[in-house]
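Only one structure is covered here, and it is reproduced in the block below.
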Amino acid sequence: MKKNKVKKSTNTHKKILTVLITGSTSGIGLGLAKAFAKEGHNIIFNGLEKDGSSIAADVAKEFKVKTLYSSANVLKADEIDAMVTEGEKKFGSIDVLINDAGIQHVAPIEDFPNATWDAIIGINLSASFHTSKAVWQGMKKQKFGRIINIASAHGLVASEFKSAYVAAKHGLVGLTKVLALEGATFGITANSICPGYVKTPLVDKQIADQAKAHGLSKEKVVSDVMLAPQAIKEFVDIEAIAALALFLSSSNAKMITGAALSIDGGWTAQ
């Protein structure tokens with residue numbers, strides 16, 4: 001009996017998205033940018049690194065996609081508006097917004113600098129409001145949009161010495177829910193991804209800060225502080241976060257909105 005051969009799909013008309021990712025010149029943001037570029041999507045890079053334009057150009061060359069780099073300071077709403085306007089002018093629309101920019105500081109309440117509190121709330125929370133507001137009208141007009149906020153397990157639970165970060169990430173999860181409700185009738189979804197610890201330069205700095213705050217070695221910080229709450233004693237892979245972000249950006253995820261999705265090795269299951 002002759003077997004039927006399975007024909008490979010010849011559909012090359014997959015929608016190309018334009019994806020704006022804040023904090024995308026290093027760490028999780030850069031990993032996300034490369035994952036979306038690998039799937040053929042246009043990327044608007046944002047970050048304060050001096051070689052940001054070179055990073056964007058390298059990704060464009062490697063994955064044969066179109067990119068744009070903006071050095072907009074996400075603490076400044078007018079610079080965010082200018083970045084979005086430039087992106088829409090070049091690509092026609094911004095289809096996906098991923099808010100990834102973030103900073104961290106570890107210190108007891110009584111020692112926590114006021115200016116550092118303001119900066120963490122500004123970059124980790126207020127910036128996401130301003131970027132979402134900037135892309136909102138364009139997404140409403142085209143009846144499609146995906147907003148993905150990179151929150152944290154600390155958006156769901158707290159840890160000592162992280163007052164500003166925990167407050168900002170809890171606020172980000174709340175903001176996401178409001179965006180989901182307001183965007184529902186316009187084809188706009190909004191979700192938070194809440195990872196456990198990811199091995200990035202930001203976390204490397206946290207290890208040093210935590211060692212100082214707790215009076216522990218760096219190795220003990222990783223085993224006894226950072227990974228202690230997780231059932232799976234491993235750092236989260238950036239690739240796992242990127243895979244979830246890609247799914248949330250697809251049409252198959254249109255009914256997922258307002259969710260805080262954990263990738264934390266079982267941390268928040270306890």
Residue match in the range 235-243 (condition: over 29 Å from VAL96 (Cα atoms), among the acidic types (Asp, Glu) and surrounded by fewer than 20 Cβ atoms within 10 Å (Cβ to Cβ)): no
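Name the residue, out of SER192, SER262, that is over 11 Å from ILE148 (Cα atoms), in contact (Cβ under 8 Å) with a residue 24 or more places away in the chain and assigned to a strand (DSSP E or B). Even if it seems obvious, please write down each step before you answer.
Details: SER192 fails: over 11 Å from ILE148 (Cα atoms).
The unique qualifying residue is SER262.
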Which is within 15 Å of the chain's Cα centre (by Cα), at pLDDT 95 or above, within 23 Å of GLY92 (Cα to Cα) and not charged (D, E, K, R), of SER192, SER152, SER132? SER132
Out of the residues in the range 72-129 that are within 21 Å of ILE150 (Cα to Cα), of a type in the set (Val, Ile, Thr) and surrounded by fewer than 17 Cβ atoms within 10 Å (Cβ to Cβ), state the one that is farthest from the chain's Cα centre (by Cα). THR116
With aliphatic (A, V, I, L, M) and outside the structural domain of GLY31 (by TED's automatic domain parsing) as the only criterion, which of ALA168, ALA213, ALA151 stands out? ALA213
Contact list please: Cβ distance under 6 Å, first residue in the range 88-99 and within 12 Å of VAL135 (Cα to Cα) and free of Cβ contacts under 8 Å to residues at least 60 places away in the same chain, second residue among the small types (Gly, Ala, Ser) and in a helix (DSSP H, G or I), pairs at least six apart or on different chains. GLU88/GLY138
For LYS169, work out the one condition from (1) under 16 Å from the mean Cα position of the chain (by Cα); (2) modelled with pLDDT under 95; (3) of a type in the set (Lys, Arg) it doesn't fulfil. (2)
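When you look at ALA127, is it free of Cβ contacts under 8 Å to residues at least 60 places away in the same chain and more than 18 Å from ALA259 (Cβ to Cβ), yes or no?
Numbers: free of Cβ contacts under 8 Å to residues at least 60 places away in the same chain: no; more than 18 Å from ALA259 (Cβ to Cβ): yes.
Taking the combined requirement at face value, the residue does not satisfy it.
The values are calculated or read from the model by the stated rules, or taken from the named source; none is laboratory data. Every value quoted in this text rests on a predicted model; they were computed, and no experiment measured them. Note: ideal-geometry Cβ built from the backbone for every residue, glycine included; neighbour counts use all protein chains shown.
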